[in-house]
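Down below is the structure, laid out as structure tokens.
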There are 2 protein chains.
Amino acid sequence: MDQHRSGCPINLTLEILGDRWSLIVIRDVMFGNRRHFRELLGDSEEGIASNILSARLKRLVAEGLLSKSSDPSHSQKSIYSLTEPAIALVPLLVQMGAWGRRYMPVSKELSIRAQLLEEGGPAMWQGFMDELRHIHLGAPAPDKSVLEELQAAYQRVVAEEAAST
Amino acid sequence: MDQHRSGCPINLTLEILGDRWSLIVIRDVMFGNRRHFRELLGDSEEGIASNILSARLKRLVAEGLLSKSSDPSHSQKSIYSLTEPAIALVPLLVQMGAWGRRYMPVSKELSIRAQLLEEGGPAMWQGFMDELRHIHLGAPAPDKSVLEELQAAYQRVVAEEAAST
DNA sequence: ATAACTGATTGCATAATGCAACTGGTTGTC
DNA sequence: GACAACCAGTTGCATTATGCAATCAGTTAT
């Protein structure tokens with residue numbers, strides 16, 4: 001991908017994110033706060049293969065969507081962080097979630113977060129992006145945590161599902 | 001793609017649209033009003049190959065994002081139309097355009113429409129979607145045409161560019 | 001010393017993409 | 001009726017991407 005196919009914004013976004021795994025990786029870093037290779041490898045619903053994950057992480061770092069730093073607690077351990085361009089994908093991911101929720105056979109547990117973000121609107125997205133800037137870029141912490149709110153809602157649905165079976 | 005990887009809305013959207021061509025085809029039908037195979041094949045900036053276009057059209061029809069009908073003026077001619085799920089992709093495409101415009105090396109002519117849609121906000125998107133429902137689904141025509149507005153702005157920028165060289 | 005954990009890499013099969021040529025049919029023009 | 005232009009694709013072949021399982025070398029905890 002040295003040359004671009006065209007200068008169209010939709011096309012250029014597609015050239016970077018238009019495959020079946022890149023946004024899955026970003027989603028897991030963003031919503032699951034998975035920062036290490038093994039976390040991304042093992043804990044994902046979709047089961048990405050290690051060579052694909054390796055290739056994706058490399059490409060996303062090269063494209064400037066992720067940054068890689070070393071974990072002081074373990075000399076071999078790498079931490080992947082979102083960059084500002086990746087954080088700016090929040091509205092796009094919300095729209096993807098909203099569309100999937102409306103037209104695809106989503107599961108209840110895995111769509112509650114998409115629902116909350118859709119209903120929360122741009123104000124909530126901004127709050128979430130501020131929180132991501134805190135977590136990944138060292139910006140000051142916002143007053144309240146959207147991530148915790150989403151996580152709590154997810155746990156609530158999982159508990160409900162478990163209770164009803 | 002018989003079985004889904006997970007019930008996550010983002011993943012499911014990715015399973016259908018996560019490749020380098022599907023959204024290009026939908027973009028051309030939506031914004032360029034290209035309804036025939038040859039129009040989609042030849043007039044695209046990116047130059048899709050005919051076998052890929054053929055495969056994508058088949059898949060998009062099978063997935064319910066496009067519908068195919070025959071043109072009464074030419075027994076062999078097929079017309080592809082957007083379905084409601086495809087029209088519902090407008091906010092997603094707008095976000096893709098907005099992100100690409102901010103972080104990728106877009107060209108001036110090809111990003112003016114993305115800019116107008118981004119600045120126009122949800123009200124403009126709804127107007128555009130109503131117009132698409134008119135064009136593709138036979139719904140009543142809305143008062144004003146967003147498509148014409150976008151096209152006029154595009155022509156204006158092309159003329160400016162031509163004048164300055 | 002050893003076992004578990006770290007971020008990967010390797011080998012191999014299958015699937016997707018890219019490119020160019022070609023097919024079978026239809027329509028309009030002379 | 002002959003002929004060129006147009007229509008929606010298909011075919012063959014090379015390259016690239018994906019999927020899966022096994023493996024690797026260094027690091028840390030017991």
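The values are calculated or read from the model by the stated rules, or taken from the named source; none is laboratory data. What you see is a predicted model; the values in this text were computed from it and never measured. Note that we place each Cβ from the backbone using ideal geometry, even for glycine, and neighbour counts take in every protein chain shown. Only protein heavy atoms, including side chains, enter the accessible area calculation; ligands, DNA and RNA are left aside. Shrake-Rupley method; radii C 1.70, N 1.55, O 1.52, S 1.80 Å.
Going by the conditions given, is A:GLY32 under 25 Å from A:TYR154 (Cβ atoms) and open to solvent by 50 Å² or more (accessible area, probe 1.4 Å)? Criteria not met by A:GLY32. Just one of the listed residues (B:LYS58, B:LYS77) is open to solvent by 60 Å² or more (accessible area, probe 1.4 Å), touching an Asp or Glu at 6+ places or on another chain (Cβ under 7 Å), within 13 Å of DNA strand D (Cβ to nearest atom) and more than 30 Å from A:GLU63 (Cα to Cα), and it is B:LYS77.
When the range B:35-55 is filtered for residues that are in contact (Cβ under 8 Å) with a residue 24 or more places away in the chain, assigned to a loop (DSSP other than H, G, I, E, B) and within 13 Å of DNA strand D (Cβ to nearest atom), the ones remaining, listed by number, are B:ARG35, B:HIS36, B:ILE48. Residues of the range B:4-12 include none that is more than 14 Å from chain A (Cβ to nearest Cβ), touching a Leu at 6+ places or on another chain (Cβ under 7 Å) and not β-branched (Val, Ile, Thr).
Taking the range A:142-151 as the range and being exposed (fewer than 13 other Cβ atoms within 10 Å of the Cβ) and assigned to a helix (DSSP H, G or I) as the test, only A:GLU148 passes. Considering every residue within the range A:40-53, establish whether at least one is crowded, with 21+ Cβ neighbours inside 10 Å and assigned by TED's automatic domain parsing to the domain that holds A:ARG20. Scanning the range A:40-53, I find at least one residue that is crowded, with 21+ Cβ neighbours inside 10 Å and assigned by TED's automatic domain parsing to the domain that holds A:ARG20, so the answer is yes. Inspection of the range A:8-26 finds no residue satisfying the criterion of being at positive phi and either modelled with pLDDT under 95 or not assigned by TED's automatic domain parsing to the domain that holds A:PRO122 (or both). Restricting attention to the range A:92-110, the residues that are crowded, with 24+ Cβ neighbours inside 10 Å and over 17 Å from B:GLN95 (Cα atoms) add up to 1. In the set (1) under 27 Å from B:GLY100 (Cβ atoms); (2) away from every other protein chain (no Cβ under 11 Å); (3) not small (Gly, Ala, Ser), the condition left unmet by A:GLN95 is number (2).
Of note, B:SER54 does not satisfy the criterion of being at the interface with chain A (Cβ under 9 Å from one of its Cβ atoms) and among the small types (Gly, Ala, Ser).
Every condition in (1) closer than 22 Å to A:GLU45 by Cα; (2) touching a residue at least 12 places away in the same chain (Cβ under 8 Å); (3) under 18 Å from the mean Cα position of the chain (by Cα) holds for A:LYS108 except the one numbered (3). If you go through the range A:13-25 and keep only what is at the interface with another protein chain (Cβ under 7 Å from one of its Cβ atoms) and near DNA strand D (Cβ under 10 Å from one of its atoms), you end up with A:GLY18, A:ASP19, A:ARG20, A:ILE24.
Would you check if B:ILE48 is more than 12 Å from DNA strand C (Cβ to nearest atom) and within 14 Å of chain A (Cβ to nearest Cβ)? No; evaluated as a whole, the condition is false for this residue.
Per-residue answers, yes or no, for (1) more than 10 Å from chain B (Cβ to nearest Cβ); (2) in contact (Cβ under 8 Å) with a residue 60 or more places away in the chain; (3) open to solvent by less than 30 Å² (accessible area, probe 1.4 Å):
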| site | (1), (2), (3) |
| --- | --- |
| A:ARG27 | no, yes, yes |
| A:VAL90 | no, yes, yes |
| A:GLY121 | no, no, yes |
| A:GLN126 | yes, no, no |
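Condition test on B:ALA139, is it assigned to a loop (DSSP other than H, G, I, E, B), more than 17 Å from B:PHE31 (Cα to Cα) and open to solvent by 20 Å² or more (accessible area, probe 1.4 Å)? When the stated conditions are applied, B:ALA139 passes them.
Matching residues to (1) over 13 Å from the mean Cα position of the chain (by Cα); (2) more than 7 Å from chain A (Cβ to nearest Cβ):
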site	(1), (2)
B:HIS74	yes, yes
B:LYS77	yes, yes
B:PRO85	no, no
B:ARG101	yes, no
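Residues B:LEU110, B:LEU116, B:LEU132: which one is at the interface with chain A (Cβ under 10 Å from one of its Cβ atoms) and either in a helix (DSSP H, G or I) or under 19 Å from A:LEU60 (Cα atoms) (or both)? Answer to the selection: B:LEU110.
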